[in-house]
Amino acid sequence: MLKIYNTLAREKQVFTPIVPGKVGMYVCGMTVYDFCHLGHARVMVVFDMVSRWLRASDYEVTYVRNITDIDDKIIKRANENGETIAQLTQRFIDAMDEDSAKLGVIRPTLEPKATEFVDGMISMISALIDKGFAYVADNGDVFYSVNNFEGYGKLSGKSLEDLRAGERVEVDTHKKDPMDFVLWKSVKPNEPSWDSPFGGPNNGKGRPGWHIECSAMSSQLLGNHFDIHGGGQDLQFPHHENEIAQSEAANSLASTHTHDGQSCQMVNYWMHNGFVRVDDEKMSKSLGNFFTIRTVLEQYDAEVVRFFILRAHYRSPLNYSDQHLDDAKAALNRLYTALRGLVVEVADIDWRQSQAASFKAAMDDDFNTPEALAVLFDLANEVNKTKSLASAALLKSLAGLIGLLQRDPDEYLQGLASVNSNADEALNVDQLIIQRNEAKQSKNFAEADRIRKLLAEAGIILEDSPQGTTWRRA
RNA sequence: GGCGCGAUAGCAAAGCGGUUAUGCCGCGGCCUGCAAAGCCGUUUAGACCAGUUCGACUCUGGUUCGCGCCUCCA
């Protein structure tokens, strides 16, 4: 029985889908104006793991992860680069696809782009205006009136009073209340715009605000009421809070000016993943302390990065450092080493088997991947001891459910990303191993050790066994 | 200032009111020509102060410290 920590309730709850056997899940994706960093990698990997486990639990999952391809920063960056917005966003969508594929992330079922759903946003804003939840300001911007939505703050645990007290942004004079947020931004010179019926000085021309994008896309693709909504912890407020306010107000049948947020709940389970940190500080664009995925992949194998992410619980903070990546690599090596030299096929899992049951219990407990991984190490130990093909098959099969351990062990162990791999390319490893074995045969251990040292300096470690000598990268 | 989260051994990271988490590192042994890998064993825990309890790392309260959100952010 799957339990999920629901941010809305602040507790773990038994997962019950709206439609038996089916799950609708929406995750806030990327704003595509730059390369993805490790924080983005965590969202992608975490919710990939979630969708995989839901599918392994026999749910039919519709996983939607949006792409924000219109936004202030995108416009700014495109202007700086002297390229069109479409060129810029396509470039970074391609880069994102490349990065996520390397991390073993299965493509979401749907990846809607904001610019393709502007009509839906406009009609949602119109509904909000009609119901009295939104108003057109004198400059043509359309704002959401937070006072009219009774449930405002229910997700983030904030009250409007506290928010106003902590207000540290200059008040936009066009707003009725400082906490009101923008739904539609009136057109500015040299900016893309869409026609709308909202009126104002620019006859309604403008573009959508960020929050309305997700409300419109999720309700169009998953309906007004769906199972799971995910994203990074930093989106809890204001983004997700605003999504709730928009969707529940717009989709309610009530035409009153206030709304309790109960009669037409948008989402049953809200999931938020923890941050990636550097030196105990959040990794973020604004702090400038981020590492892009592709930078890290120059030094570490993508599966090591995935393993590093899944080693921590998804809600915990995750500190990034070379030492921690090295540690993850050593741990993953142990798992692959156990499978080395065995012919293992992924098989159906008998969930009554004790390790399989432990793995399932861990995953069902709010996706406790650290505990699930401990089960894999237990199996690896068993495989090392007994060479049991059944245990090896179970190890590979369970790991496969969270996107790990599916490569050929030798390919992984010998292909580990190595920055200084040029030096050893010139060396013929297999030839040197033969030479060394000849030296060993004739008890010329000095020569054998010389060859081993030569390879070691090139980052290649030899391992002798009764079945012969194998090698791997350090 | 408001709201929230956290504090576990050298490092990382889980569960659990009493019984080995796990991985890396260290130490001893086995194996090996020697190593590596593997196996066996093993040293390091639960910020601090109270309380509940037969018994607390685990529950409750407080203290201290750290982090996050309150502004774009995964």
Test: A:GLY104 is on the phi > 0 side of the Ramachandran plot and touching a helix residue (DSSP H, G or I) at 6+ places or on another chain (Cβ under 7 Å): yes
Answer residue from the range A:131-140, given it is buried (at least 17 other Cβ atoms within 10 Å of the Cβ) and out of contact with any His (no Cβ under 6 Å at 6 or more places or on another chain) and is nearest to A:GLU11 (Cα to Cα) among those: A:PHE133
Among the candidates A:GLN431, A:GLN467, A:GLN435, residue that is more than 10 Å from RNA strand B (Cβ to nearest atom), loosely packed, with under 13 Cβ neighbours inside 10 Å and touching a residue at least 12 places away in the same chain (Cβ under 8 Å): A:GLN467
Scan of the range A:327-343 for residues that are more than 9 Å from RNA strand B (Cβ to nearest atom) and surrounded by fewer than 21 Cβ atoms within 10 Å (Cβ to Cβ), ordered by number: A:GLY341, A:LEU342, A:VAL343
Test: residue in the range A:27-36 that is touching a residue at least 60 places away in the same chain (Cβ under 8 Å), within 26 Å of A:ARG407 (Cα to Cα) and surrounded by 18 or more Cβ atoms within 10 Å (Cβ to Cβ): yes
Residue tally, condition of a type in the set (Ser, Thr, Tyr) and in a loop (DSSP other than H, G, I, E, B), over the range A:107-127: 1
Residue within the range A:369-387 that is away from RNA strand B (no atom under 11 Å from the Cβ) and of a type in the set (S, T, N, Q) present: no
Scope the range A:288-313; condition within 8 Å of RNA strand B (Cβ to nearest atom) and either touching a strand residue (DSSP E or B) at 6+ places or on another chain (Cβ under 6 Å) or among the acidic types (Asp, Glu) (or both); matching residues: A:PHE290, A:ALA312
Condition check for A:SER196: farther than 17 Å from A:PHE149 by Cα and over 23 Å from the mean Cα position of the chain (by Cα): yes
Cβ pairs under 9 Å, 6+ apart, first in the range A:299-324 and on the phi > 0 side of the Ramachandran plot and in contact (Cβ under 8 Å) with a residue 60 or more places away in the chain, second more than 6 Å from RNA strand B (Cβ to nearest atom) and not β-branched (Val, Ile, Thr): none
Number of the exception - A:VAL346 against (1) over 29 Å from A:ASN6 (Cα atoms); (2) more than 13 Å from RNA strand B (Cβ to nearest atom); (3) assigned to a helix (DSSP H, G or I): (3)
Single match in A:LYS131, A:LYS154 (criterion: within 12 Å of RNA strand B (Cβ to nearest atom) and touching a residue at least 60 places away in the same chain (Cβ under 8 Å)): A:LYS154
Every pair of residues 6+ apart whose Cβ atoms lie under 7 Å, when the first sits in the range A:374-387 and is farther than 9 Å from A:ALA338 by Cβ while the second is near RNA strand B (Cβ under 8 Å from one of its atoms) and among the aliphatic types (A, V, I, L, M): A:VAL375/A:ALA362
Residues located in the range A:128-146, provided they are within 16 Å of A:VAL182 (Cβ to Cβ) and part of a helix (DSSP H, G or I): A:LEU128, A:ILE129, A:VAL146
In the range A:388-405, the residues that are closer than 13 Å to A:LEU332 by Cβ and either within 15 Å of RNA strand B (Cβ to nearest atom) or free of Cβ contacts under 8 Å to residues at least 40 places away in the same chain (or both): A:LEU395, A:ALA399, A:ILE402, A:LEU404, A:LEU405
Qualifying positions in the range A:301-321 - buried (at least 19 other Cβ atoms within 10 Å of the Cβ) and either assigned to a strand (DSSP E or B) or aromatic (Phe, Trp, Tyr) (or both): A:PHE307, A:PHE308, A:TYR314, A:LEU318, A:TYR320
Residues of the range A:363-373 satisfying the condition of being touching a residue at least 24 places away in the same chain (Cβ under 8 Å) and either over 18 Å from A:PRO409 (Cα atoms) or touching a strand residue (DSSP E or B) at 6+ places or on another chain (Cβ under 6 Å) (or both): A:MET363, A:ASP364, A:ASP365, A:ASP366, A:PHE367, A:ASN368, A:THR369, A:PRO370, A:ALA372
Scope the range A:360-385; condition more than 27 Å from A:ARG10 (Cβ to Cβ) and either modelled with pLDDT under 95 or buried (at least 17 other Cβ atoms within 10 Å of the Cβ) (or both); matching residues: A:VAL375, A:LEU376, A:LEU379, A:ALA380, A:GLU382, A:VAL383
Elements of type strands (runs of 3 or more DSSP E) in the range A:207-286, at least 3 residues being touching a strand residue (DSSP E or B) at 6+ places or on another chain (Cβ under 9 Å), of a type in the set (A, V, I, L, M, F, W, C) and at pLDDT 95 or above: A:267-273
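The values are calculated or read from the model by the stated rules, or taken from the named source; none is laboratory data. In this text, all values refer to a predicted model and were calculated from it rather than measured experimentally. Virtual Cβ from ideal backbone geometry, glycine too; neighbours counted across all protein chains shown.
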